[in-house]
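These notes concern the structure reproduced below.
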Amino acid sequence: MKCVICRQGQTKDGFATVILDREHTTVVIKEVPADICENCGEYYLSDTVTAKIEKLAAQAVQNGVEIEILRYAA
């Protein structure tokens, strides 16, 4: 797929680090499967992956965590 941000690069399968801020919680999730632009590095997540990382962020907020660093597990 062509990158919608830079409009120059094509995306390739890879892994990204996703940082989410929710309320007073920051969640860092490493090794998230994504399509990554070979030109600018912008990443695109599938609907399934997005749903999973949103659930992880919601759990961290519910637990009252200020910062959490996780490794994505399929």
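Since every read-out is calculated from the coordinates, none of them should be taken as a lab result. Everything numeric in this text was worked out from a predicted model, so none of it was measured. Ideal geometry is used to build each Cβ from the backbone, glycine not excepted, and the neighbour counts take in all protein chains shown.
Filtering the range 12-21 to residues that are closer than 24 Å to Lys55 by Cβ and not acidic (Asp, Glu) leaves Gly14, Phe15, Ala16, Thr17, Val18, Ile19, Leu20. Considering the conditions (1) among the β-branched types (Val, Ile, Thr); (2) farther than 23 Å from Lys2 by Cα; (3) in a helix (DSSP H, G or I), Val49 is excluded by exactly one of them, (2). Every condition in (1) without any contact (Cβ under 8 Å) to a residue 24 or more places away in the chain; (2) part of a helix (DSSP H, G or I); (3) not acidic (Asp, Glu) is met by Gly41 except one, and the failing one is (2). When Ala34 is tested against (1) within 11 Å of the chain's Cα centre (by Cα); (2) not in a strand (DSSP E or B), exactly one condition is not met: (2). Of the residues making up the range 54-61, none is at positive phi and surrounded by 13 or more Cβ atoms within 10 Å (Cβ to Cβ). If I filter the range 4-12 for residues that are assigned to a loop (DSSP other than H, G, I, E, B), charged (D, E, K, R) and crowded, with 16+ Cβ neighbours inside 10 Å, do I get at least one hit? So far as the range 4-12 goes, no, none of its residues is assigned to a loop (DSSP other than H, G, I, E, B), charged (D, E, K, R) and crowded, with 16+ Cβ neighbours inside 10 Å.
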